[in-house]
Every structure is written in C-alpha cells, then in structure tokens.
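Accompanying notes for the structure given below.
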Amino acid sequence: MKSIVIKQPEELVIEERPLPEPGVGEVRVKVKIAGICGSDSHIYRGHNPFARYPRVIGHEFFGVIDAVGEGVTDKQMGERVCVDPVISCGHCYPCSVGKPNVCTSLVVLGVHRDGGFSEYAVVPAKNAWSVADNIADHHAVMVEPFTIAANVTGQVNPTEADVALIYGAGPMGLTTLQALKGVYRVKQVIVADRINERLAMAERCGADWVINNGEKPLAEWLDEKGIKPTLIVDAACHPTILQEAITLASPAARIVLMGFSSDPSTITQQGITGKELSIYSSRLNANKFPVVLEWLEKGLIDPDKLITHYFDYHHVVDAIELFEKDQKSCCKVLLTFN
Ligand code: NAI
C-alpha cells in the first residue's frame, strides 16, 4: 500500500509499505477520503511538539472496513466508517470522568501513531464509527472537525437566548458556528475575522453578523450595536484574545478557549471575577462521534459549506501548500484515495 509519510520535518514522501494486518480488537480501513487540518501541516513543518517521526499523518478520515481482527464482533467487512483519532486508556482519572480526550496516556492517530493519509489504516474497532447510508462519503470525512465543535459547545450548553461571539472563521470557527446555529438555534451569532473572504464563508454558514476586526475594533463595533456577548469562543487562538474576550463579555458569560499557544496571556482577575465569568477549554473530542453522526443524519449541519478543494492524494504536497498559503480561498481541503 501507499502511505503519506513525514520522514522528518519538511520531508514528505509517498512510500510503499506492507499492508498492515489488524490485531486483536482492531479493524483495517481502506481509506477513501481524508481531510487536511492545521496540525497535519504543523507536523510536516516540524511545529507540532507532540509529533514523533517518521509519521503517517492524517486524523480526519473515512473509508470502508476491509479486514477485521480477532475478537471484533460488532464490525463487519464492507462497513462504511469514520474514525475517531482519540485513543485512550479508559481507566485514568480523565477517562473516569468522561474526558478520554485528555487521557493521561493519550494517543492521537496521525500524531502519536500512524494515521489516515494512507491507502489503508489499522485502528481500534471501537474508534471506527459506522456511517448511515444517507450520509455521503464527503460528509462522513467531516465528522471529526465537527466533533471539535461538538466538544466546544458541549462544554457550555448554549441556549437560543445566547448572544455568541466567535473569533476566527477558519474550519474551527465555522464548524462551531454551524453547531450554534443549526443544533442549538442560538439567535445571534457574531463572527470576527481579519479576512473578508472567510467572513463571507461565515455568512454562508449562518452568521447573523460578521465583523472584520482588522478594520474596526471589536469593542467599538459591539458598543455601537449595544451587544454584550454571553458566550465567546476563541477559534482564532491568539494569546491576546482572552483578555479582550473578558472585557467584551456580558456578566455571567462563558468563554471557551481552543488554542495551544505556549506564549502567556495577560489577564486580570477582576475582569473575570467581577462578572463571574466561566472560562472553559476544549481539546479534540470526548466521545462526540455519535453526536455529530446524529447531527448529520438529521441535517442540522452542512459540511458542504466548508469544503473548498479536493486533491488526489498523489498531489498532497500541492494540497498542503495551498491550504497553508491561501486562507482566502481555502477552508477544508480533502484528499481522495480512490
Ligand atoms: P485557521 O488558521 O484556518 O483559522 C483561524 C482564523 O482566525 C483565520 O481565518 C484568521 O484570519 C483568524 N484570526 C486570526 N487572528 C484573529 C483575531 N485576532 N481576530 C479574529 N480572527 C483572527 O485555523 P482553524 O483550523 O480554524 O483552527 C483554529 C485554531 O483552533 C488553531 O489555533 C488551532 O490550533 C486550534 N484548534 C484547536 C483544536 C482543539 O481541539 N482545541 C482542534 C483544532 C484546531
């Protein structure tokens, strides 16, 4: 089989590898489509502190089961599946409180262990989620990015009465936007970004207001409108955003962070405690694959609005370079393995 391997930072090869056999409790997936995420590019460029090389990247993938390992009774050959990249131990403290996404021995497919940018991938059977017939292949591959939004929104229980503000109209901001509008029916969702083309995507994904905060300060814009957000999601993840969010938030608001910057954020206690704000963080997903599969079955979200490009996997370098360089035209870039 052919696999896309990052041998070391900046060295990507499409390599012939032996077809892996599923072990006890595993299945082999013949990959059909995979999605490119920022972390794939970070591993390629050597900017992901968790990655070990050589690595088959890719943690967003969909395919068909073509071999079943010993002891697997609930998965069959030919079953269409999308794969949860989060592998957890099941017995540490975070696992015991329903947060396998921060398991003390967390393994993420495509980061710590070989992932889905490959013609075949062997994965734990319990990570392979069956996809209903009425969900198209190119929607099934989008389940993983939407699980990030399911995790973010699941932390804060949004209501129709919320006034939500999302920083960033990249894939993460847009999946969160679709969840807030389509699933939680939040009446007002504002999206801020610096790129007008991305704001146009946010409008197509259901944003009630978009604001280019590179052109006009967000505080001024919200003041003019008399808006105090009750729910703020930072899907842009610059360390300065937290203090701004604290300042802009309504009393009793919730703020969700998604970023991994190691640079400090300067914040004031008074800003948080004075308004009794709740600050949450969200990493990957905690058992959200069935949640998003249900959203798709019910038509509550529309992945088509995020997909901008398809590439045959042989052109993976072109695909990653386009993804990195052209945020105006690119949102979700998919690789096909047919
Ligand atoms: P992206 O880079 O495609 O999108 C970020 C967007 O934020 C861009 O459109 C950019 O113009 C905008 N932006 C940057 N600074 C801004 C500011 N000050 N105000 C408003 N907008 C601003 O990235 P993507 O894929 O959407 O991911 C967003 C962030 O989420 C990344 O930092 C990524 O590391 C993080 N992430 C976190 C995950 C988690 O589980 N916690 C999972 C996936 C991504």
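The values are calculated or read from the model by the stated rules, or taken from the named source; none is laboratory data. Treat the numbers as computed from the prediction; the structure is a model and nothing was measured. We place every Cβ from the backbone using ideal geometry, glycine too, and count neighbours over all the protein chains shown. To get the accessible areas, we keep the full protein, side chains included, count just its heavy atoms, and leave off ligands, DNA and RNA. Shrake-Rupley method; radii C 1.70, N 1.55, O 1.52, S 1.80 Å.
Just to confirm the filter: which GluC sites (Glu not before Pro) across region 120-224 are DSSP coil and have at most 13 other Cβ within 10 angstrom of their Cβ?
Answer by residue number: Glu160, Glu215.
Using every pair of alpha-carbon atoms in region 40-151, split the distances into 5 Å bins beginning at 0 and state the percent of pairs per bin, rounded to integers.
Percent of pairs per bin, in order: 2, 11, 19, 22, 22, 15, 7, 1.
With the radius of gyration and the Kirkwood radius both derived from the Cα set of region 74-121, what is their ratio Rg to Rh?
Across region 74-121, the Cα-based Rg/Rh ratio is 1.06.
Provide Val97, Val210 ordered by accessible surface of protein heavy atoms (probe 1.4 Å), highest first.
Ranked from most to least accessible, the order is Val97, Val210.
Could you state the per residue volume, in Å³, of the convex hull enclosing the Cα atoms of the chain?
131
Regarding region 279-338, what whole-number volume in Å³ per residue does the convex hull of its Cα atoms give?
Hull volume over Cα atoms, normalised by residue count, gives 158 Å³.
Sorted from largest down, give the three principal axis spans of the alpha carbons of region 9-73, whole angstrom values.
Per principal axis, max minus min of the Cα coordinates gives 39, 22, 20 Å.
Quick check: with the 1.4 Å probe, what order do Thr268, Thr336, Thr153 take by accessible area, largest first?
Highest to lowest solvent-accessible surface, that is Thr268, Thr336, Thr153.
When only the heavy atoms of the protein chains count and the probe is 1.4 Å, how do Phe289, Phe323, Phe260 rank by accessible area, highest first?
Phe260, Phe323, Phe289
Just to be sure I follow: if Rg is taken over the C-alpha atoms of region 101-187 and Rh is the Kirkwood radius over the same atoms, what is Rg/Rh?
Result: Rg/Rh = 1.02.
Based on the Kirkwood radius over alpha-carbon pairs, what is the Stokes-Einstein translational diffusion coefficient of region 230-327 at 10 °C with 1.306 mPa s viscosity, in µm²/s?
Reported coefficient: 95 µm²/s.
Let me cross-check Tyr184: its accessible surface, 1.4 Å probe, with only protein heavy atoms counted, in Å² to the nearest 10?
Ignoring ligands and nucleic acids, Tyr184 comes out at about 60 Å².
In nanometres, what is the gap between the two model label sites at Glu276 and Gln155, each 7 Å from Cα along Cα-to-Cβ?
2.1
Test of understanding: express the Cα radius of gyration of region 145-264 as a ratio to 2.2 N^0.38 Å, with N the residue count.
So the Cα radius of gyration is 0.94 times the expected 2.2 N^0.38 Å.
At 7 Å along the Cα-to-beta-carbon direction for both Ile195 and Asn212, put a label point, then send me their distance in nm to one decimal.
Here the answer is 1.4 nm between the modelled labels.
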